[in-house]
Amino acid sequence: MTEERHLTCINCPLGCQLTVSLENGQVAAVSGNTCPRGDDYGRKEVTHPTRIVCSSVRVMDGDMNMVSVKTASDIPKEKIFDICRAMRDVLVTAPVHIGDVIIPDVCGTGVNLVATREIARC
Ligand code: SF4
């Protein structure tokens, strides 16, 4: 069975319109991409979509009351809402340093949630 999926590449602001052709559920070709990153994105998006999650969590005793965080690498897209819920319950104590692990193995993904800015203690 032949199928086509139409996607927008999200890897850069150009936003190339991709067409992913599938044959019996397997990716046969990707077209519409301007560079190889679009080919990789199209293949992954229809088979195992992933995302990096960026957000912020609450901080106690810091010079700011929130610290920005991100997953250290891509996580499965279907875990995004679980991770957002987990972040809601987190309260870290200052100081916080860039790269500090805020939640190890967040939601069983094998990926750490890490801080992306410095928060000094006040
Ligand atoms: S295919 Fe390449 S040029 Fe096009 S949006 Fe994706 S990353 Fe950008």
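Values quoted throughout were computed directly from the atomic coordinates according to the rules given, and no laboratory measurement underlies them. This one's a predicted model, so the numbers in the text were calculated from it and none came from an experiment. Heads up, the Cβs are rebuilt from the backbone with ideal geometry, glycines too, and the neighbour counts pull from every protein chain shown.
Could you work out how much longer the chain between Met60 and Asp105 gets when fully extended? Use 0.36 nm per residue separation minus the Cα distance between them, nm to one decimal. The partial results should precede the final answer.
Working: separation 45, 0.36 × 45 = 16.20 nm, distance 2.25 nm.
That pair, Met60 and Asp105, stretches by 14.0 nm at full extension.
Round to the nearest 0.05 the FRET efficiency obtained for Thr2 and Asp74 when R0 = 35 Å and r is the Cβ-Cβ distance. Don't skip to the end; give the middle numbers.
Working: r = 29 Å, r/R0 = 0.82.
Given R0 = 35 Å and the Cβ-Cβ separation, E is 0.75.
Let's see if you can work this out: charge +1 on each Lys and Arg Cβ, -1 on each Asp and Glu Cβ, no other charges. What is the dipole magnitude of the range 14-122 about its Cα centre, in debye to the nearest 20? Each step should come with its number before you reach the end.
Values: 12 positive and 13 negative charges, 32 e Å.
The calculated dipole for the range 14-122 is roughly 160 debye.
How much mean residue ellipticity at 222 nm does the chain get from its helices, if each DSSP H run of length 4 or more adds -39500 (n - 2.57) and you divide by all residues, to the nearest 500 deg cm²/dmol? Let's see the in-between values first.
Details: 2 runs with 21 residues, N = 122.
Per the formula, -5000 deg cm²/dmol.
Modelled label-to-label distance, Arg43 and Asn24, 7 Å Cα→beta-carbon offset: nm?
Rounded to a tenth, the inter-label distance reads 1.9 nm.
Which net charge results when you count Lys and Arg as +1 and Asp and Glu as -1 among the other residues whose beta-carbon is under 12 Å from that of Ile98? Don't jump to the answer; show the numbers that get you there.
Details: positive: Lys70, Arg117; negative: Asp100, Glu118.
With Lys, Arg at +1 and Asp, Glu at -1, the neighbours total 0.
How fast does the range 72-122 diffuse by Stokes-Einstein, in µm²/s, taking the Kirkwood radius from C-alpha pairs at 37 °C and 0.692 mPa s? Could the numbers behind the result be given before it?
Values: Rh = 11.6 Å.
Estimated diffusion coefficient is 282 µm²/s.
Within the set of other residues whose C-beta is less than 14 Å from the C-beta of Gly42, count the net charge using Lys and Arg as +1 and Asp and Glu as -1. Display every interim value, and only then the final one.
Working: positive: Arg5, Arg37, Arg43, Lys44; negative: Glu3, Glu4, Asp39, Asp40, Glu45.
Around Gly42, the charge tally is -1.
For the range 36-113, compute Rg over Rh where Rg is the Cα radius of gyration and Rh is the Kirkwood radius from the inverse mean 1/r over Cα pairs.
Numbers: Rg = 14.3 Å, Rh = 13.5 Å.
Here Rg/Rh amounts to 1.06.
Quick one: Cα convex hull volume of the range 1-74, Å³ per residue? List each step's numbers first, then the result.
Working: hull volume 7.9 nm³, N = 74.
Hull volume over Cα atoms, normalised by residue count, gives 107 Å³.
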